[in-house]
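I have placed the structure first, in the form of structure tokens, so that the comments after it can refer back to it.
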Amino acid sequence: MKLDGERVMGVAAVLVGLGAVSESLRLAEDTLTGGPGTRFLPVSLGLIVAVLGGAIALRPAPRRPREAPASPGARLRIAATLAGLALYALVFERLGFLISSAAFVALLLVFYGERRWPLVLAVAAGAAGATYAVFARWLGVPLPPGILGP
Amino acid sequence: MSDVLQNLGMGFTVALAPANLLYCFVGVLVGTVIGVLPGIGPVTTLAILLPLTFGMNPTSALIMLAGIYYGSQYGGSTTAILINTPGESASVMTCLDGYQMARKGRAGPALGMAALGSFIAGTAGVVLLMFLARPLVTLALSFGPAEYFALMLLALCTLGGLVGESVAKGLLMGAFGLLLGTIGSDPLTGAARFTFGIPSLLDGLEFLPVAIGLFAVAEVLTTAERSVAHQVYETRITGLLPTREDWWACRFTLPRASLLGFVVGVLPGAGSTLASILAYLAEKRASRYPERFGTGVIEGVAAPEAANNAASAGAMVPLLTLGVPGSGTTAVMLGALMLWGLRPGPLLFEKNADLVWGLIASMYVGNVMLLILNLPLIGLWVRLLQVPTRVLLPFILLFSFTGTYAVSANVFDLYVMVAFGVVGYLLQRYGFPVAPIVLGLILGPMLETHLRRALIISRGDWSIFVQRPITAVLLAAVLVYLALPVVLWAWRRAGRGG
């Protein structure tokens, strides 16, 4: 039995299901309501998730063609996108919406292969500015001012 | 009948108000654009744009969101016909004959039939929705907690089973969604579950960051993996109107596909993609020349395009009358209704009649707008295909981030969104459907409340679920649905052995 991505996801589901069961069993079973209590549904669902995950992990043969491994370029793009997302979330409130958003868009444009720098800067500034106008000015959403704030 | 017409009249008063006309126009315009752009579907767009609607009147907001939904069905055909790439999944079947027609120099009539067929079927679907809604609402008003529990379970099972490549994967995702729905305070006792000391989790996992992560962020990651290079399309399209022969060839196709599409759309879990596939196959079977399907016959364009539009009207039936969505897109719309403080279900027709009938009337208006938008502006839609993917992806992420933050002003939701983006990307990569997760997350707390209320009423007696015929039939359908794949598997195995 070869360990492919689908089986790994099945194993992950088993772990999630069993984890949910174990965590739910710590809850007191409140039966004041006359029917099943607080832990009934999480325990049942945890077991269902674990059983279905196990069935997928142990299935006899893959039903779908094996997914092609990502090319080095694709892996780099995904890693860059994820790193960009994580960084953006981290600095979103500290640097403020306008600076962090413009930097995020510029970073992704460069990672995705755009090398015309004036275009990168214009698109990044334009995207951040337009989004700010829609959310903060039009809808009145308080977006974090960060270092541009008072 | 007069009741329906009176309500429709009220609906048109709402839909034709200048502000609602504007939102309807914005909805169908955005829907067409995202339908044209490959890689971003209606459910992603609804999730991203949902935060924009919070300051709006719920009626206007729902009119706009519905416009995005059915508008995307129109737009999706453009790329299918011109570059053999479906703008969204419901247009997959349109590629088969549409692209072949384009190669033969008949792109114009193919695009014209797609738009006109969509208009006819979309309008027919709205008429059916109007007449089917009232009897269903009357039935649903007699539902108690046991009936609702059974109905939600059936919706989850059918959606889980139909959208994925295997029933086990779909059901696993539905159960996972329900499990996520149990995070936070117990709806009846208030006890904290799976909160791990994080205060933001006490109110449960917010629906929007999860939906945006699973749909939008995951879609960006999947697209980034494939390629960010883009194909520039250059062509001239002339003569958009189908010929008299084309219309004659489709004289039965359009009514047949409209009816089939609507029925499939009403069923939980089926949705417009399955409707278009079934309509294409039905048309091929009914045709006198099935061997020519796939070589560029007009019926091969009309059938899937009519079916997917009728299905989007059909999908509104369970959402509006029962408060139970049947697809990822309508699940997001249900989430929207709840975020606006409305209670979806049969009472919506009584307490918010202007909203429901305004929406139904706006779908007529929107279909006319789409026809006007689609035919003369086809050149503009073609030019949209030249927007580079590498520019589009950062925009989607920027809007996703801002929208998620706008709802709660809580950075924790951003982390949730990114985490579910990664989860969604991995799930999609290995063939696990993500729509049942969102449906499970939304229905989870309601399903649990109905289950436990039913058992409180019966003092813990589980036979309450088989005492009334409706509940018994719904649960029997769930059992048949779950047992059928196992029985079929055992039967095939016995057949091979014998």
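Here are the numbers for this structure:
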quantity: Per-residue average of Cβ from other chains inside 10 Å of B:59-70; calculated: 0
quantity: Per-peptide average of other Cβ atoms within 10 Å, ordering B:397-404, B:23-30 highest first; calculated: B:397-404, B:23-30
quantity: Top positive-direction residue, dipole computed over the stretch B:2-467 with Cβ charges, set B:Gly213, B:Gly27, B:Ala302; calculated: B:Ala302
quantity: For the stretch B:93-164 and the stretch B:245-284, distance of Cα centres in Å; calculated: 9 Å
quantity: Those aspartates and glutamates that a straight Cα-Cα span of less than 20 Å connects to B:Lys284, excepting residues fewer than 8 apart in one chain; calculated: B:Asp97, B:Glu245, B:Asp246, B:Glu299, B:Glu305
quantity: Nearest-10 value in Å² for the accessible area of B:Thr449, using the 1.4 Å probe; calculated: 20 Å²
quantity: Rounded to 10°, Cα long-axis angle of helix A:97-111 versus longest principal axis of chain A; calculated: 80 degrees
quantity: Stretch in chain A that is longest and holds no GluC sites (Glu not before Pro) that DSSP places in a loop and that have at most 15 other beta carbons within 10 Å; calculated: A:68-150
quantity: Given charges at Cβ of Lys, Arg, Asp, Glu: the stretch B:396-498 dipole, positive-most of B:Trp462, B:Pro433, B:Val407; calculated: B:Trp462
quantity: Order of exposure, largest accessible area first, which applies to B:Thr189, B:Thr330 with probe 1.4 Å; calculated: B:Thr189, B:Thr330
quantity: Shape of chain B, Cα gyration tensor, a/c cut at 1.5; calculated: rounded
quantity: Charge dipole (debye, nearest 20) of the stretch B:2-467; +1 at Cβ of Lys and Arg, -1 at Cβ of Asp and Glu; calculated: 700 debye
quantity: DSSP loop trypsin sites (Lys or Arg not before Pro) with at most 12 other Cβ within 10 Å excluded, longest remaining stretch of chain B; calculated: B:289-458
quantity: Inter-chain shielding of A:117-127 (mean C-beta neighbours from other protein chains, 10 Å cut-off); calculated: 1
quantity: Helix axis angle, B:469-497 relative to chain B longest principal axis, alpha carbon, degrees; calculated: 70 degrees
quantity: Heavy-atom accessible area ranking, 1.4 Å probe, most first, across B:Val263, A:Val141, B:Val126; calculated: B:Val263, A:Val141, B:Val126
quantity: Dipole of the stretch B:303-451 [Lys/Arg +1, Asp/Glu -1 at C-beta], most positive-end residue of B:Val332, B:Val391, B:Gly314; calculated: B:Val391
quantity: Å² of accessible area per residue within the stretch B:2-467, as computed with a 1.4 Å probe and no ligands counted; calculated: 34 Å²
quantity: Cα gyration tensor, chain A - rounded (a/c under 1.5), prolate or oblate; calculated: oblate
quantity: Size of electric dipole in the protein assembly as shown: Cβ of Lys, Arg +1 and of Asp, Glu -1, about Cα centre, debye, nearest 20; calculated: 1440 debye
quantity: Heavy-atom SASA rank of B:Leu37, B:Leu260 (probe 1.4 Å, accessible area, largest first); calculated: B:Leu260, B:Leu37
quantity: Filtered chymotrypsin sites (Phe, Trp or Tyr not before Pro), the stretch B:158-221: DSSP coil and at most 13 other beta carbons within 10 Å; calculated: B:Phe196
quantity: Mean projected area in nm² (Cα convex hull; one quarter of hull surface) for the stretch B:79-196; calculated: 11.7 nm²
quantity: Distribution of pairwise C-alpha distances over the stretch B:314-377, 5 Å bins, in %; calculated: 4, 17, 22, 23, 15, 10, 6, 3, 0
quantity: Along each principal axis, Cα extent of the protein assembly as shown, largest first, Å; calculated: 71, 62, 62
quantity: Carbon/sulfur fraction of accessible area - the stretch B:21-152, other protein chains in place, 1.4 Å, %; calculated: 71 percent
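The values are calculated or read from the model by the stated rules, or taken from the named source; none is laboratory data. If you're wondering where the values come from, they're calculated on a predicted model, not measured in any experiment. Using ideal geometry, Cβ is built from the backbone for each residue, glycine included, and neighbour counts are taken over all protein chains shown. When the accessible area is computed, the model is the full protein with side chains, heavy atoms only, and any ligands, DNA or RNA have been set aside. Shrake-Rupley method; radii C 1.70, N 1.55, O 1.52, S 1.80 Å.
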